[in-house]
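The values are calculated or read from the model by the stated rules, or taken from the named source; none is laboratory data. Keep in mind the model is a prediction, meaning the values are calculated, not measured. Please note: Cβ atoms are built from the backbone with ideal geometry, for glycine as well, and neighbour counts cover all protein chains shown.
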Amino acid sequence: MKSSKTRVEEFIRVDHAGERGAVKIYEGQLLALNTFVKDDDLKKTIEEMKIHEKEHCEFFENEIKKRNIKPTKFLPIWDLLGVGLGFGSTILGKKAAMLCTASVEEVIDKHYQSQINQLGPEEKDLKKKIIKFREDELHHKDIAYEKGATKSGFYSIMDKIIKTGSKIAINISEKI
């Protein structure tokens with residue numbers, strides 16, 4: 001059985017990696033929008049969501065430093081994959097770009113809810129932040145569906161690939 005301290009360290013390590021990954025996905029999407037795809041409405045939406053992800057990432061960055069936790073060794077790989085996923089999904093069009101957000105946020109919703117359920121009163125500040133961040137992520141998911149995310153046809157396969165990749169990244173980042 002893991003100690004509470006070990007579990008909290010894993011939570012912070014993986015949440016840091018995940019929020020940084022979200023920033024990188026949005027950076028990849030913005031790269032596509034600034035070069036190949038012209039959609040000012042989508043660009044504005046992504047820029048707004050990226051602001052939340054940066055806030056989340058900075059919080060976990062500070063927690064890592066404050067608590068002396070080693071970040072995942074996979075950060076450089078997650079950075080590349082995040083930018084690639086964001087860029088690639090946006091090149092495929094608005095529905096794919098928004099499905100990318102929706103798929104990731106659906107995984108994060110369950111992930112954060114699990115952490116919220118496990119955190120005890122000794123981590124009430126961390127728990128409060130994760131509750132707030134989960135609400136932000138759910139809002140992003142809702143925006144993604146409002147802006148055209150769909151799981152019909154080819155998009156159902158894309159959804160499964162993105163969710164599987166996100167779950168694998170979570171499992172690796174907790175441990176390494």
Completion exercise
Only one of ILE176, ILE130, ILE116 is under 25 Å from LYS70 (Cβ atoms), more than 13 Å from the chain's Cα centre (by Cα) and at pLDDT 95 or above, namely ILE116
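If you check LYS44, LYS50, LYS38, which single one turns out to be farther than 12 Å from THR90 by Cβ and free of Cβ contacts under 8 Å to residues at least 24 places away in the same chain? Step through it out loud before you land on a result.
Numbers: LYS50 fails: free of Cβ contacts under 8 Å to residues at least 24 places away in the same chain; LYS38 fails: farther than 12 Å from THR90 by Cβ.
Checking each option against the conditions leaves just LYS44.
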Practice task
Report, by residue number, each residue of the stretch 121-176 that is at positive phi and either touching a residue at least 24 places away in the same chain (Cβ under 8 Å) or not small (Gly, Ala, Ser) (or both).
Solution key: GLY148
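Considering only residues that are within 18 Å of THR45 (Cα to Cα) and aromatic (Phe, Trp, Tyr), look in the stretch 130-176 and name the one that is surrounded by the fewest Cβ atoms within 10 Å (Cβ to Cβ). Quick ask: steps written out before the conclusion?
Taking the stretch 130-176 and keeping what is within 18 Å of THR45 (Cα to Cα), we get 133, 135-150.
Among the residues that remain, those that are also aromatic (Phe, Trp, Tyr) are: 133, 145.
Working: PHE133: 21, TYR145: 15.
Only one residue tops the list, namely TYR145.
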Handout entry: Subset tally (residues that are over 17 Å from GLU19 (Cβ atoms) and aromatic (Phe, Trp, Tyr)) for the stretch 58-111
Key = 1
Problem - Count of the stretch 105-153 residues which are of a type outside the set (Val, Ile, Thr) and part of a loop (DSSP other than H, G, I, E, B) - result: 8
Completion exercise
Across (1) within 16 Å of the chain's Cα centre (by Cα); (2) among the hydrophobic types (A, V, I, L, M, F, W, C); (3) modelled with pLDDT under 95, VAL83 clears everything bar (3)
Handout entry: Condition check for GLN118: surrounded by fewer than 16 Cβ atoms within 10 Å (Cβ to Cβ) and touching a residue at least 60 places away in the same chain (Cβ under 8 Å)
Key = yes
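Would you be able to say whether some residue in the stretch 45-59 is outside any helix (DSSP H, G or I), at pLDDT below 95, of a type outside the set (D, E, K, R) and surrounded by 17 or more Cβ atoms within 10 Å (Cβ to Cβ)? Please lay out each step first, then the result.
First, the residues of the stretch 45-59 that are outside any helix (DSSP H, G or I): none.
No, the conditions are met nowhere in the stretch 45-59.
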Exercise for the section: Go through the residues of the stretch 59-76 one by one and say whether even a single one is closer than 23 Å to LEU33 by Cβ and within 13 Å of the chain's Cα centre (by Cα). Expected result: no
